[in-house]
Amino acid sequence: MHITPIVFVVDDDVSVRESLESLVRFEGWQPQTFSSAQEFLDYPRVHIPNCLVLDVSLPGLTGLDLQRLVAVERPYMPIIFITGHGDVPTTVRAMKAGAVEFLTKPFHDDVLLAAIRAALEHSRVALRLESEMRLIRDCYASLSQRERQVMALVVSGLLNKQVAGELGISEITVKAHRGKVMQKMKADSLADLVKMAARLSPVRATITAA
């Protein structure tokens, strides 16, 4: 199934919005335009590849204010800044805060389109990683306390016999738990399990603390 990426545009200049809407639509993407940061924030979050083309100077919340909010609420949304009067400090602040591009008007359509293409690819990758991470977290949540203990020791490099010694259980029981861990985590190999454990590190720390 083909999913059409969304390009969000926030600019208080109606002529800029209309021009960018036509450009985005012509490229085969889906445009969503807003005249203020608040209007954009009221729009529900989407889980398909997307990016935000954002004017720096907006009434009310500025582009930089919105960038800070997006970084918290929608961390996988790449931002391309556009401005009529770019200055070095503003550009530096925007880029340091994670903007993928900062363009000063007037800019050539091709320059913006190239930036949007790169941003959408970035979004595609981030969404895929987020989806994979969610699956790994769900699998880990299905493990019993004992299975989590076995997994932690196995991925740290201990043999079944050593795991048995650490936990005070038989080697046969360790093998049974290990088999369950591999099955529940949907891991094809020990190397797979080690990679999953590395990605889960912060989550496991939180669960253990709780």
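Every residue, every condition in (1) outside the structural domain of LEU103 (by TED's automatic domain parsing); (2) more than 13 Å from LEU112 (Cα to Cα); (3) not in a helix (DSSP H, G or I), yes or no:
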position	(1), (2), (3)
GLU18	no, yes, no
GLU21	no, no, no
VAL24	no, no, no
GLY28	no, yes, yes
GLN32	no, yes, yes
LEU61	no, yes, yes
LEU69	no, yes, no
PRO75	no, yes, yes
PHE81	no, no, yes
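Out of all the residues in the stretch 100-143, which are outside any helix (DSSP H, G or I) and either touching a Leu at 6+ places or on another chain (Cβ under 8 Å) or free of Cβ contacts under 8 Å to residues at least 12 places away in the same chain (or both)? Working first, answer last.
Our first condition is that a residue be outside any helix (DSSP H, G or I); within the stretch 100-143, this holds for 100-108, 142-143.
Hits for the stretch 100-143 are LEU103, PRO106, HIS108.
Test LYS180 against the criterion of being outside the structural domain of PRO31 (by TED's automatic domain parsing) and either in contact with a strand residue (DSSP E or B) (Cβ under 7 Å, 6 or more places away or on another chain) or modelled with pLDDT of 95 or more (or both), and give yes or no. Even if it seems obvious, please write down each step before you answer.
Numbers: outside the structural domain of PRO31 (by TED's automatic domain parsing): yes; either in contact with a strand residue (DSSP E or B) (Cβ under 7 Å, 6 or more places away or on another chain) or modelled with pLDDT of 95 or more (or both): yes.
So LYS180 passes the test.
Among the numbered conditions (1) modelled with pLDDT of 85 or more; (2) under 19 Å from ASN50 (Cβ atoms); (3) out of contact with any Pro (no Cβ under 7 Å at 6 or more places or on another chain); (4) surrounded by 15 or more Cβ atoms within 10 Å (Cβ to Cβ), tell me where ALA119 comes up short.
(3)
Does the stretch 160-186 hold any residues that are in a loop (DSSP other than H, G, I, E, B) and surrounded by 17 or more Cβ atoms within 10 Å (Cβ to Cβ), and which are they?
Within the stretch 160-186, the first condition is being in a loop (DSSP other than H, G, I, E, B), and the residues that meet it are 168-170, 185-186.
Listed by number, the list holds a single entry, MET185.
Out of the stretch 1-36, which residues are of a type outside the set (Asp, Glu) and exposed (fewer than 15 other Cβ atoms within 10 Å of the Cβ)? Spell out the reasoning first.
In the first step, residues of the stretch 1-36 are kept if they are of a type outside the set (Asp, Glu); the result is 1-10, 14-17, 19-20, 22-26, 28-36.
If the condition is that a residue be of a type outside the set (Asp, Glu) and exposed (fewer than 15 other Cβ atoms within 10 Å of the Cβ), then MET1, HIS2, ILE3, THR4, VAL14, SER15, SER19, SER22, ARG25, PHE26, GLY28 are the ones that fit.
For residues that are hydrophobic (A, V, I, L, M, F, W, C) and part of a helix (DSSP H, G or I), scanning just the stretch 144-159, find the one that is surrounded by the fewest Cβ atoms within 10 Å (Cβ to Cβ). Steps first, answer last, please.
Filtering the stretch 144-159 for residues hydrophobic (A, V, I, L, M, F, W, C) gives 150-155, 158-159.
Cutting the leftovers down to part of a helix (DSSP H, G or I) gives us 150-155.
Details: VAL150: 28, MET151: 27, ALA152: 16, LEU153: 20, VAL154: 22, VAL155: 19.
Restricting to residues being hydrophobic (A, V, I, L, M, F, W, C) and part of a helix (DSSP H, G or I), the top hit is ALA152.
With respect to GLU39, determine if the residue is in the same structural domain as THR104 (by TED's automatic domain parsing) and touching a strand residue (DSSP E or B) at 6+ places or on another chain (Cβ under 8 Å). Write out each step before concluding.
Details: in the same structural domain as THR104 (by TED's automatic domain parsing): yes; touching a strand residue (DSSP E or B) at 6+ places or on another chain (Cβ under 8 Å): yes.
Answer is yes for this residue.
Do we have any residue at all in the stretch 18-34 that's at pLDDT 95 or above and among the basic types (Lys, Arg)?
The answer is yes, given that some residue of the stretch 18-34 is at pLDDT 95 or above and among the basic types (Lys, Arg).
Find the residue count for the stretch 160-184, including only residues that are hydrophobic (A, V, I, L, M, F, W, C) and farther than 17 Å from ALA197 by Cα.
Keep residues of the stretch 160-184 that are hydrophobic (A, V, I, L, M, F, W, C), which gives 163-164, 167, 169, 172, 174, 176, 181-182.
Next cut, farther than 17 Å from ALA197 by Cα only: 164, 167, 169, 172, 174, 176.
So the answer is 6.
The values are calculated or read from the model by the stated rules, or taken from the named source; none is laboratory data. Fair warning: this is a prediction, and the values are worked out from it, not measured in the lab. With ideal geometry, Cβ positions are generated from the backbone for all residues, glycine too; neighbour counts draw on all protein chains shown.
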